[in-house]
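A.B. asks: What follows is a single structure, and I will ask about it in a moment.
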């Protein structure tokens, strides 16, 4: 039995009933997925019934505890013999649906992954309601220098993991140079490119545009020499750090608009129920 606290049946029903936006995220939507090597990631947000927002209602976990609802998770890898210890692999599905309130907190703080549903192409939208369409139409309200700093922080985290080889190397350079973790490297580079675009234009294009996408896919396949990968990461990090300071964007997301959207969307959801 899956004992993850956010995988309970109560959480699933609540998430499914209130989902306003669910999209593909991850390498599939960035354009960096390699056929047969990646899982599918989906991320969304849902509105909660009134008793969960203004009252004391809770959801029951698979272990029998009652907790406040914040998100629902589904990971098909958990159905295999190792359960929660089983990592996702090729062909697996990973779904996370946040409460709209938690999603909004993460989004206004500039979390790069949480922001992705605002920009994915229509073809990558799994489910959307009028409230979700309004959110996507107002995506520019989440663009901020704070978000740029979060992209920079995520880049540095991936860079450090890549440099320290904290995970098993997945590729070796074509010319016989030192092996490197191609997936970590691709994440770091992609975050740099997308962070720069956000700071310069107020949005992120998905998948990553050409010609950089072709280069990212080469890195993902381990075709670049490690030294060249490290040099590109360092260049993007420096450019992103500089761009944060001069970007023509507000310091913070439009919290007033987000707050109004949350209030209005919940009220309309409750009235419809």
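Every number in this text was worked out from the coordinates using simple rules, so none of it is lab data. No experiment lies behind these values; they were computed from the predicted model shown. FYI the Cβ positions are ideal-geometry reconstructions off the backbone, even for glycines, and counts take in every protein chain you see.
A.B. asks: Can you order the peptides 24-30, 67-73 by their average number of other Cβ atoms within 10 Å per residue, highest first?
C.D. replies: Highest to lowest by the protection proxy: 24-30, 67-73.
A.B. asks: What is the angle, in °, between the Cα long axis of helix 226-246 and the longest principal axis of the Cα atoms in the chain? Nearest 10 is fine, range 0 to 90.
C.D. replies: 50 degrees
A.B. asks: To continue, here is another question. Which entry in (i) 1.01; (ii) 1.06; (iii) 0.93 matches Cα Rg over 2.2 N^0.38 Å derived from the coordinates of this structure?
C.D. replies: Checked against the structure: label (ii).
A.B. asks: Residue 239 to residue 270: FRET efficiency via 1/(1 + (r/R0)^6), r the Cβ-Cβ distance, R0 30 Å, to the nearest 0.05?
C.D. replies: 0.05
A.B. asks: For the chain, take the longest principal axis of its alpha carbons; what is the angle in degrees between that and the long axis of helix 182-201, to the nearest 10 within 0 to 90?
C.D. replies: Tilt of helix 182-201: around 70 degrees.
A.B. asks: Additional query: For region 145-246, what class follows from the C-alpha gyration tensor (a ≥ b ≥ c being the square roots of its eigenvalues): rounded when a/c is under 1.5, otherwise prolate if a/b is larger than b/c, else oblate?
C.D. replies: Verdict is prolate for region 145-246.
A.B. asks: Express the relative contact order of region 94-242 as a whole percentage, based on alpha carbon pairs under 8 Å and six or more residues apart in sequence.
C.D. replies: That works out to 25 percent.
A.B. asks: Once you have a ≥ b ≥ c as the square roots of the Cα gyration tensor eigenvalues for region 23-73, tell me rounded if a/c is under 1.5, and otherwise prolate or oblate according to whether a/b is larger than b/c.
C.D. replies: Oblate.
A.B. asks: When only Cα pairs under 8 Å and 6 or more residues apart are kept, what is the percent relative contact order across the chain?
C.D. replies: 21 percent
A.B. asks: What relative contact order, as a whole-number percentage, does region 171-273 give when Cα pairs under 8 Å and 6 or more residues apart are counted?
C.D. replies: 34 percent
A.B. asks: When the chain is fully extended, how far beyond the present Cα-Cα distance does residue 105 get from residue 93, taking 0.36 nm per residue of separation?
C.D. replies: 1.8 nm
A.B. asks: Suppose R0 equals 51 Å. What FRET efficiency, 1/(1 + (r/R0)^6) with r the Cβ-Cβ distance, do residue 66 and residue 228 give to the nearest 0.05?
C.D. replies: Efficiency, rounded to the nearest 0.05: 0.45.
A.B. asks: Here is a follow-up. Could you sort the peptides 183-189, 50-56, 231-237 by per-residue average Cβ neighbour count (10 Å cutoff), highest mean leading?
C.D. replies: Packing proxy ranking, top to bottom: 183-189, 231-237, 50-56.
A.B. asks: Enter the angle in degrees (range 0 to 90, nearest 10) between the Cα long axis of helix 9-18 and the first principal axis of the Cα atoms of the chain, meaning the one along which they spread out most.
C.D. replies: Orientation of helix 9-18: about 90 degrees from the principal axis.
A.B. asks: Classify region 49-161 as rounded, prolate or oblate from the Cα gyration tensor: take a ≥ b ≥ c as the square roots of its eigenvalues, call it rounded if a/c is under 1.5, otherwise prolate when a/b beats b/c and oblate if not.
C.D. replies: Oblate.
A.B. asks: Quick one: if you stick a label point 7 Å off each Cα along the C-beta vector at residue 221 and residue 85, how many nm between them?
C.D. replies: 3.6 nm
A.B. asks: Let me ask another. Between region 3-49 and region 196-270, how many Å separate their Cα centres?
C.D. replies: Region 3-49 and region 196-270 have Cα centres separated by 20 Å.
A.B. asks: Within region 79-123, name every residue whose backbone N is under 12 Å away from a label modeled 7 Å from Cα of residue 4 along the Cβ vector.
C.D. replies: Of the residues in region 79-123, 79-80, 83-89, 93-97 have backbone N under 12 Å from the label point off residue 4.
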